[in-house]
Amino acid sequence: MSIFKKKKSRILLISLSVGIVASVSSGALIYNASSDNSLSKLLFSSESDSLLHPSNSVDYSKTVNSITDKNVKELSKQPKVIEKPVEKIEKITPPKIEVKPEEPAATPEPPRITPEIPNYKPDVTSLIQRTEKIRIFGVEVNATVLARPDRVVSEADKKREITNVNPYQNVTVSKLLNIEVTKDLENKVIENALGSEEGQGLGLFSNNLFKIADSIGTKEGLEKAEVVLVKQNPGTWSEQIHRYKALINSGKFKDFLKEGKLEEYERLVKENSFKTANQKYLWIIINLDKSKFTKISQNSLNYLKQGLAIDPRNAIINASGEIDSLVWNVPNQYNTVTSRLSRDNSTRRAFDYDEWYLRSSDSIVKGKFPGWTRSDKTSEYQSAYGIQPSDGIKVFELTRDKPVNDGSKRNSGIVVEIDAANSSGYNKIKELIEKFKANNKEITSYRIFNMGVTSPSQEFKDILKSLPDKLPQLELFFSAQATNTSSLIALKDKNIKELSLYTMGNSLLDSWSFNPWSLNKVEWINTNDYNVSAQYPPNTPIATRISFDTVAFDQEDYSKVGDWERINNGLRMVYFVRNNEPFFQGRHGSGTEPDSSESGNSYPTGLDFSRVPTIKSLRGLVFHDIEKPNNGSRKIKRLTLANSGDSFEISSDELSAAGLENLAIGEPEQPKIFFSNGQQTKAIKIKLENGKKQLDNSAIENLRKFYAYSDSLKAGGKSIKVDSNATELKQQLIGLGYKVEDDNGLQYT
């Protein structure tokens, strides 16, 4: 029997048809509402669940880096001028559209590690003040600026060979002090904040929330708009709704409604037409009269006088109906972040491009660069160099799309890619490099993948040592399961123009470490290609550059006991001499004057001596700036010492001068002392020296710190081993509350 003969069946079929048509039409409306927004594309679905993350099977080849306005929802008592880094957007699936990311504002403002100078003030005495014309949102105004001089490099540091062989300047743009605020500029700032010109797709009346609310709320009803925005895209809702809440919650919004809408609003309230508070918010936002918002808040006006304009993406309406913001932008020509990124991409890369934006994970893996075409040339090298298809070795040529004919830049280059997880290819790497050198074949770049994937102890030192002494580009992909970068020391004294250190795993592990001497002739360590993001599900293999927060050394750096010169010079390189370079700033970025006031810069807070068994403490190490005392000193949060037994042996003299005052004591997160054998180290073995019979006060204090900051020693119950004839020492330690036992000379590993 046909289903059309049953009344219930006919009703059901008609209902389903109407539902499908409504879904399709609303989907089209929503896409049209957001299709001109290059910042973010929203996904609308018939499902009520949020679709915010890519799956493991998503093709990332067309994804791009971009920015989103993920901000706090309330103004603080002292709003910060945030010069924004490149941020994330909500991840979408279809449609995939290649979009150039939007320009960020300027220097990120993460928490900084400045333990010695809590009231840090940058040194601006060397800056030269002048007046010049600048443009903000296309409006020309007078400005007072400070011109930054070149970074000063000490001759003594040059002799130590710890300066960059190609001097690096972090900030090359002038510092903006103040501007003349004209009425034209005020009006332009308001227009952009509302959504015109530079605020298109971002401002208060052109962002996704407003456009979708207006399209769906007006045509299909508030209930449908609420489902799409609140349920299907909660991220967008939470990021945008706060921009209007202060005005709405104050009740002042009534003065800013469109003509005739106040009466309609009062009627809807009286009739209880708003089923939820969100529907009420949506109705009010849709019916706000854009033309009535004509005033900037005093807060934002004060920032504007400093040359910092309201960021349309972060513009809000305050309780008085004035345009305010959570973020203020510095003009492009004074943007310290984009100027640095553009310059580094243009002058520091082997395959350069004149843009500020970073490469995606997919581009990193595939070795793609904007403005360059890549072609596979492997077949041309197979017979001459013994490369087999099964070796995991490929050769590519990169050619500049628009050649530079003045000889200032390369127009092509040869790239050799090697999969170290392929045993056949791995065994040929060194031989292949030697053949290229013997034949005078110029290789622009070597890219080695999967280092340490087959085994954490996989050997690469000899391979890296065989590389040419001068190399335009080297890209290394390390396994996050191993985090073994000890082979990098083979790069010492090699002049590498661009070094990139990547991983497909966790790039933020404390165990990632570098020996500064491995980088002494490297001109630029790439920090631009950073792709870690909460938008990716856990364990998704995303290629990103490694963030190093631990400095390590090798036994060759301490070949003679008591000679700390090479280690101290390495520390000085990291902490002060090259600390203006982003790579040497650890995880928290630079200060406001990274080239002249290094004390404001962050720095690696871990120190690893697990490969130097003769180093027993921080004795003899220098953590302050010997050239510029105003820079203060650096503090260590994580110290790793070498040990192979159940007890850690240290002399009384070493303990007395252990230098543990250089640990970051007194900070919210206490420092940690680790041993290379993990939790196996349960006690300290003290050896008396130079006729001593007891510990002095300094040794007692350092001993206390060892047990206070080492979890493995704590677990051992404050156990200490001493020689059986050290009677006075034994009694002293017992009196201090330690559990003391005679050393029988045995070690358990």
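We did not get these values from a lab; they are worked out from the coordinates using the rules stated. Computed from a predicted structure; not experimentally measured. We place every Cβ from the backbone using ideal geometry, glycine too, and count neighbours over all the protein chains shown.
Residue by residue, what Karplus-based ³J(HN,Hα) values in Hz, rounded to whole numbers, does segment 561-566 have, using 6.51, -1.76 and 1.60 with θ = phi - 60° and x for Gly and Pro?
4, x, 9, 9, 4, 5
Using a cut-off of 18 Å between alpha-carbon atoms, which aspartates and glutamates can reach Lys133, once sequence neighbours fewer than 8 places away in the same chain are excluded?
Filter leaves Glu180, Asp184, Glu186.
With r as the distance between the Cβ atoms of Glu442 and Thr347 and R0 = 30 Å, compute the FRET efficiency 1/(1 + (r/R0)^6) and round to 0.05.
0.90
What net charge is computed for the residues neighbouring Asn411, neighbours being all others with C-beta under 15 Å from the C-beta of Asn411, Lys and Arg scored +1, Asp and Glu -1?
Summing Lys/Arg as +1 and Asp/Glu as -1 gives 0.
Per the Kirkwood formula on distinct C-alpha pairs, the Rh of segment 642-749 is how many angstrom?
When all Cα pairs of segment 642-749 are included, the Kirkwood radius is 14.1 Å.
Let's test the formula: R0 of 51 Å, r as the Cβ-Cβ distance of Glu667 and Ser644. What FRET efficiency results, to the nearest 0.05?
Efficiency at R0 = 51 Å is approximately 0.95.
Based on the alpha-carbon gyration tensor of segment 346-437, what equivalent-ellipsoid semi-axes (square roots of 5 times the eigenvalues) come out, in whole Å, largest first?
Each semi-axis is √(5λ); the values are 27, 16, 11 Å.
What is the gain in length, in nm to one decimal, between Lys270 and Ser423 on full extension, counting 0.36 nm per residue of separation less the C-alpha to C-alpha distance?
That pair, Lys270 and Ser423, stretches by 47.4 nm at full extension.
What whole number of Å gives the distance from the Cα centroid of segment 408-477 to the Cα centroid of segment 342-356?
Using only Cα atoms, the two centres lie 23 Å from each other.
Antiparallel DSSP bridges in segment 339-642: what percent, to the nearest 5?
Counting only bridges with both partners in segment 339-642, antiparallel ones make up about 35 percent.
Would you mind pulling out the separation of the Cα centroids of segment 501-529 and segment 594-668, in Å?
The two parts, judged by their Cα centres, are 20 Å apart.
Can you list residues from other chains, or at least 5 along the same chain, whose modelled amide H is less than 5 Å from the amide H of Phe675?
Correct list: Leu641.
When you have a sec, figure out the Kirkwood radius of segment 298-383 from all distinct Cα pair distances and drop it here in Å to one decimal?
Mean inverse Cα-Cα distance, inverted, gives 16.6 Å.
Could you give the length gained by full extension between Lys409 and Lys739, i.e. 0.36 nm per residue of separation minus their alpha carbon distance, to one decimal place?
Length gained, Lys409 through Lys739: 112.0 nm.
Output the pairs from Lys402/Lys430; Lys428/Lys461; Lys402/Lys492 with a Cα-Cα distance over 24 Å in this structure; if there are none, say none.
Lys402/Lys430; Lys402/Lys492
Given 0.36 nm per residue, what is the gain on full extension from Lys290 to Leu508 after removing their alpha carbon distance, in nm?
74.0 nm is the gain from fully extending Lys290 to Leu508.
Quick check: net charge around Leu607, other residues with Cβ under 10 Å of its Cβ, Lys/Arg +1 and Asp/Glu -1?
Charge balance in the 10 Å sphere: +2.
What is the ratio of the Cα radius of gyration of segment 339-642 to 2.2 N^0.38 Å, where N is its residue count, to two decimals?
1.02
For segment 353-503, give me the percentage of DSSP beta bridges that are antiparallel, rounded to the nearest 5 percent.
If I count the DSSP bridges inside segment 353-503, around 40 percent turn out antiparallel.
Would you calculate the convex hull of the Cα atoms in segment 390-457 and tell me its volume per residue in Å³?
110 Å³
What does the charge count around Glu271 come to, taking other residues whose C-beta lies under 13 Å from its C-beta (Lys +1, Arg +1, Asp -1, Glu -1)?
Its environment carries a net charge of +1.
From the cross-link list Lys394/Lys494; Lys394/Lys521; Lys635/Lys721; Lys188/Lys252; Lys692/Lys721, which pairs have alpha carbons spaced over 22 Å apart?
Beyond 22 Å between Cα atoms: Lys394/Lys494; Lys394/Lys521; Lys635/Lys721; Lys188/Lys252.
In what order do Phe205, Phe583 fall by count of nearby beta-carbon atoms within 10 Å, going from fewest to most?
By the 10 Å Cβ count, ascending, the order reads Phe205, Phe583.
Note down the nm distance, to one decimal, between modelled labels 7 Å out along Cα→Cβ at Leu262 and at Val165.
Reported label-point gap for Leu262 and Val165 is 7.4 nm.
What is the set of long-range amide H partners of Tyr603 at a cut-off below 5 Å, with H atoms built 1.01 Å from backbone N?
Ile113, Arg587, His588
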